[in-house]
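Contents: one structure, followed by commentary.
Each reported figure results from applying straightforward, stated rules to the coordinates on display, with no laboratory input. These numbers were taken from a predicted model, which means no experiment stands behind them. Note that each Cβ is placed from the backbone with ideal geometry, even for glycine, and that neighbours are counted across all protein chains shown.
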Amino acid sequence: MSFAKLLGISKQELIEKEAQGILPPAKRNGHEGRYYKPEDVIKYRSLLGIPSPIKSIRKQLFLNFKGGTGKSTLSASYGFRLAQKGIRTLLIDLDPQGHLTQCLGLNNQQYPKTLFNALIEKEDVEKIIIKTDLPTLDVIPSNLNLSPVELSLFSMNSREFRLKKLLATLEKNYELIVMDASPSIGLLNLNAILASNDLLIPVLADFLSYHGLKILFETLSTIEEDFSFVFENIFIFLNRYNDSHRICRRSKKALETHYEKYLLETMIRQDTKIAEATSQGTPIFLFAPSSKGATDIDRLIDEIFGPKGAERV
């Protein structure tokens with residue numbers, strides 16, 4: 001996607017506003033022509049008076065009790081894209097396997113400190129946060145050092161709300177916090193649920209995913225009873241969808257029948273470019289920005305934060 005589209009305007013509008021002196025002229029690099037730096041998005045949005053699509057800080061959780069739904073891959077590219085759009089974003093890897101960390105091209109062995117150090121050992125969380133090459137994107141990485149967190153949380157006071165309290169100290173620095181959870185229910189994921197505004201659930205178009213949704217919603221019902229907690233928004237969306245497959249169409253129909261209230265129109269179509277990007281540790285928007293996967297994630301963001309979703313978030 002071009003710089004102009006990141007701003008939400010056309011390329012012609014961008015050139016005209018530069019010519020009028022409303023915006024500073026694009027940088028030039030020899031034969032490569034016009035270019036912009038990542039930090040220019042925030043500056044240009046401010047000069048154009050374009051408000052952030054996020055009215056107040058959002059804490060969003062990617063969760064599904066069924067593994068293999070592409071949750072980590074999608075949360076990495078989703079958060080990366082919003083940061084590209086000038087949204088001050090923090091990505092948090094809640095899975096000791098560190099898949100989100102790897103999807104961003106970060107060597108999780110190079111960063112030994114995880115959320116465990118902040119939640120349990122009470123280290124300064126600012127010292128655990130990794131700054132990326134994108135000025136608007138920070139990461140709390142994960143690796144196997146996070147594994148003891150469940151046992152350690154068990155013996156702590158207010159153990160279900162430790163993460164919520166920690167994130168409250170970071171709210172001034174970010175507009176969006178995106179968390180990628182492991183496919184399980186435990187104390188850390190319970191913490192993440194109770195700390196979040198929105199739940200994003202990627203599902204595959206198969207009946208195992210459908211069964212996983214049933215278990216997840218039963219768990220959420222129990223959490224509502226025990227903690228009087230409900231998400232402000234729940235977004236379900238299909239991943240790796242292929243309309244030519246009969247099983248995909250049947251599964252989609254079942255979701256529309258039973259989860260219509262939460263099901264988004266946007267579907268992430270089956271795209272090998274996403275898998276290739278993941279294997280390279282690169283968000284899809286850097287690896288193949290014109291691919292079906294990149295286009296669909298943009299549509300997902302627009303549906304959640306655009307005009308249709310504005311009243312929700």
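Give the order of Leu163, Leu14 when sorted by the count of other beta carbons within 10 angstrom, beginning with the fewest.
Exposure proxy ranking, most exposed first: Leu14, Leu163.
Tell me which of Leu190, Val203, Ile215 sits at the most positive position along the dipole axis of segment 180-257, charges placed on C-beta atoms (Lys, Arg +1; Asp, Glu -1).
Comparing the listed Cα positions along the dipole, Val203 ranks first.
Pull up the DSSP beta bridges for the chain and report the antiparallel fraction as a percent, rounded to 5.
15
Can you tell me the dipole magnitude for segment 147-265 around its Cα centre, using point charges on the Cβ only (Lys, Arg +1; Asp, Glu -1), in Debye to the nearest 20?
Its charge dipole is roughly 320 debye.
Based on DSSP H assignment, which helices of the chain show an axial Cα extent of at least 27 Å together with a mean Kyte-Doolittle hydropathy greater than or equal to -0.5?
For the chain, where a helix must reach 27 Å along its axis and average at least -0.5, the hits are 207-227.
Phe235's amide H: which non-local residues (gap 5+, or another chain) put their own amide H closer than 5 Å, with H modeled 1.01 Å from N in plane and none for Pro or chain starts?
Result for Phe235 returns Leu199, Leu200, Ile201.
Can you sort Phe62, Phe231 by how many other beta carbons sit within 10 Å, fewest first?
The most exposed by this proxy come first: Phe231, Phe62.
Would you mind pulling out the separation of the Cα centroids of segment 84-110 and segment 194-219, in Å?
Rounded to whole Å, the Cα centres lie 22 Å apart.
Pull out the extension gain between Asn29 and Lys165, defined as 0.36 nm times the separation in residues minus the alpha carbon to alpha carbon distance; nm, one decimal.
Once the chain is fully extended between Asn29 and Lys165, it gains 44.3 nm.
Would you mind finding the longest exposed-site-free stretch of the chain, with exposed GluC sites (Glu not before Pro) meaning DSSP loop and at most 14 other Cβ atoms within 10 Å?
For GluC sites (Glu not before Pro) (loop position, at most 14 other Cβ atoms within 10 Å), the longest site-free span of the chain is 124-231.
Where does the Debye-calculated log10 I(q)/I(0) of segment 183-235 sit at q = 0.13, 0.19 Å⁻¹, using only Cα point scatterers of equal weight, no solvent?
-0.32, -0.68
Show that you can apply the helix-only estimate: for the chain, add -39,500 (n - 2.57) for every DSSP H stretch of four or more residues, divide by all residues, and state [θ] at 222 nm to the nearest 500.
Theoretical 222 nm ellipticity from helices: -11500 deg cm²/dmol.
Placing unit charges on C-beta atoms (Lys and Arg positive, Asp and Glu negative, everything else neutral), compute the dipole magnitude of segment 3-48 about its Cα centre in debye, rounded to 20.
Charge dipole, segment 3-48, about its Cα centre: 80 debye, nearest 20.
Can you work out the base-10 log of I(q)/I(0) for the chain at q = 0.10 1/Å, using the Debye formula on its C-alpha atoms alone?
After summing over all Cα pairs, the log10 values are -0.58.
FRET efficiency for Lys43 and Phe227, Cβ-Cβ distance as r, R0 = 35 Å, nearest 0.05?
0.25
To the nearest 20 Debye, how big is the dipole of segment 58-305 about its Cα centre, given +1 on the beta carbon of each Lys and Arg and -1 on that of each Asp and Glu?
So the magnitude is around 380 debye.
Which one of Ile87, Pro53, Ser290 is farthest out on the positive end of the charge dipole of the chain, using unit charges on Cβ (Lys, Arg +1; Asp, Glu -1) and the Cα centre as origin?
Ser290
Quick check on the exposure proxy: order Arg45, Arg249 from fewest to most C-beta atoms within 10 angstrom.
Arg249, Arg45
Rounded to the nearest 0.05, what FRET efficiency is calculated for Gln110 and Glu16 with R0 set to 35 Å and r the Cβ-Cβ distance?
Approximately 0.20, to the nearest 0.05.
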